[in-house]
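Written below as structure tokens is the structure these notes are about.
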Amino acid sequence: MSSWVFAMEDDLEEEKIKLVKVAGKQILFIRKEGKVYAIGNSCPHMVCPLKSGILNGYVLKCGCHNWGFDIRTGENVGTGEYIDVPDPKVDTYDIELAEGKISVLL
Ligand code: FES
């Protein structure tokens, strides 16, 4: 059963990437055009941390081999098809903003 778990105070700046460990999961919080997105930190290619990636629009590019992921859906974007990783997707999480706090649905 899923429940809302407090993750952080809402001090996120636009387009900054903040890594927070929530209930044992490493989750990146990113504010883009005022909205907050939550996405897993682990790249499905070779497990590099996406925290060190570069945000270009809504696409977070992994710093290791440049795979891109849409921060809204976790879907792989613009890096073609891969035989070794059939479903190269990153987990995304619903978030709730209330009273200056960000919670995530786990
Ligand atoms: S580990 Fe992320 S692209 Fe290779």
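Data for the structure
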{"item": "Subset of segment 57-106 (residues that are within 16 Å of the ligand (Cβ to nearest atom), surrounded by 13 or more Cβ atoms within 10 Å (Cβ to Cβ) and hydrophobic (A, V, I, L, M, F, W, C))", "result": "VAL59, LEU60, CYS62, CYS64, TRP67, PHE69, ILE71, VAL77, VAL85, VAL90"}
{"item": "Test for SER2: is it surrounded by fewer than 17 Cβ atoms within 10 Å (Cβ to Cβ), hydroxyl-bearing (Ser, Thr, Tyr) and in contact with a Leu (Cβ under 7 Å, 6 or more places away or on another chain)", "result": "yes"}
{"item": "Residue count, segment 26-56 (criterion: touching a Gly at 6+ places or on another chain (Cβ under 7 Å) and either at pLDDT below 95 or more than 16 Å from the ligand (Cβ to nearest atom) (or both))", "result": "1"}
{"item": "Residue list for segment 45-99, filter: aliphatic (A, V, I, L, M) and touching a strand residue (DSSP E or B) at 6+ places or on another chain (Cβ under 8 Å)", "result": "LEU50, ILE54, LEU55, VAL59, LEU60, ILE71, VAL77, VAL90, ILE95, LEU97"}
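The values are calculated or read from the model by the stated rules, or taken from the named source; none is laboratory data. Predicted model, so just to flag it, every value in this text is computed and none were measured. As a convention, Cβ positions derive from the backbone with ideal geometry for all residues, glycine included, and neighbour counts pool all protein chains shown.
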